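The values are calculated or read from the model by the stated rules, or taken from the named source; none is laboratory data. Since this is a predicted model, take the numbers as computed values, not measurements. Neighbour counts run over all protein chains shown; Cβ positions are idealised from the backbone, glycine included.
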Amino acid sequence: MTATEPKYSHNGHATPTDPEMLRQEIARTRANLGETVEALAARADVKARAQEAMHNSVATAKLRMREGVEQMAVNAAYVGRELRTHPRQSLEHTLRRMRRSVRERPAPWLVASGLLVLAAFVGYRKGQW
């Protein structure tokens, strides 16, 4: 091998022979290595990833609860209006609709039921019942 031919390292890349080019290559390698280490550290930070997943889950749950409460308010308004305008015919239709609503979206109904039980318990404990 002559002095003008490039030397190859073990990974198949040409090794720069000029000292300045070598310094630049080292700087690039350090920068790439720093980015790689940061990416690995972010992946290895289990606590931060778990907290992020928990925050996402809580935000999703809050959003679903708001939607469920809004839907229950709409349903209650509809039921009230129907019962006032057509009390007999509406009752059967309303009960069917409520059953379907409970089957399709049970979470808001469970939360509302739980809140009613809690309110009754608190009222009982305070002697209001």
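Identify, please: which residue in segment 50-60 is under 8 Å from the mean Cα position of the chain (by Cα) and hydrophobic (A, V, I, L, M, F, W, C) and is, among those, farthest from Gly114 (Cα to Cα)? Applying the filter and picking the extreme gives Ala53.
For segment 86-112, the tally of residues that are surrounded by 12 or more Cβ atoms within 10 Å (Cβ to Cβ) and either more than 24 Å from the chain's Cα centre (by Cα) or at positive phi (or both) stands at 9. Answer yes or no: is there a residue in segment 5-21 that is surrounded by 10 or more Cβ atoms within 10 Å (Cβ to Cβ) and at pLDDT 85 or above. So far as segment 5-21 goes, yes, one or more of its residues are surrounded by 10 or more Cβ atoms within 10 Å (Cβ to Cβ) and at pLDDT 85 or above. The number of residues in segment 115-129 that are at pLDDT 85 or above and over 16 Å from Arg66 (Cα atoms) comes to 7.
The criterion of at least 2 residues that are of a type in the set (Val, Ile, Thr) and in contact with a helix residue (DSSP H, G or I) (Cβ under 8 Å, 6 or more places away or on another chain) is met, among helices (runs of 4 or more DSSP H) falling completely within segment 17-129, by 46-85, 87-104. Got at least one residue in segment 73-85 being surrounded by fewer than 10 Cβ atoms within 10 Å (Cβ to Cβ), farther than 28 Å from Leu115 by Cα and among the charged types (D, E, K, R)? No: zero hits.
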